[in-house]
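The values are calculated or read from the model by the stated rules, or taken from the named source; none is laboratory data. Just so it is clear, the structure is predicted and the values come from calculations on it, not from any experiment. Positions of Cβ are backbone-derived with ideal geometry, glycine not excepted, and every protein chain shown enters the neighbour counts.
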Amino acid sequence: MATGTPLIKSDVQAQVGTDATVCQIIKSVEPQFIVMVTVDGFRARALLDTGATMSFLAEKFAKNNKLQNIKTATDPLNIRLGDASSRPVNSYLDSEVTFNNKPVNTRVWQMPLPSGIDVILGLD
C-alpha cells in the first residue's frame, strides 16, 4: 500500500502515489501544488491555495472553452490578492470541479490568473 510520500523525479515534476491513484504535481521556483482537474468537463490546471478563502477561474480559460453559464453578481466582490492589492470581481460560474474522480459543486469567481493556471481552488 502506498503511503502518499512524495517521490521527486526531477526539478520539474513530482509523482505522489495514493492507494488508487497517481496525480502529477508540477514544481516551480516557488513551490506550488498544481493538479489536473476538470471544470464542467474541461481539463484544467488547478493551483491548490490553502490561503485562499474562495476559488477562482481564469477569464482566458472560460473564454477558450466557451463556458456558458457565467453569471454577473449584483454587488462585485473586492478580492484582496497575495501582494496586498485588491481587485473587484463580479462574474462567477457555479460549476462542477472534479479531482481524483471526486466531483464537487463549487462557485468559481472569474478573473485574470497567472499564465499556466486555469483555476485556483481555495478552502471553499
Output the number of residues of segment 68-88 satisfying the condition of being among the hydrophobic types (A, V, I, L, M, F, W, C) and either at pLDDT 95 or above or in contact with a Ser or Thr (Cβ under 8 Å, 6 or more places away or on another chain) (or both). 3
Filtered residue count, segment 69-124, keeping only those that are without any contact (Cβ under 8 Å) to a residue 60 or more places away in the chain and at positive phi: 1
Segments classed as strands (runs of 3 or more DSSP E), wholly inside segment 17-62, with at least 3 members that are modelled with pLDDT under 50, not assigned by TED's automatic domain parsing to the domain that holds Tyr92 and not polar (S, T, N, Q): 22-26
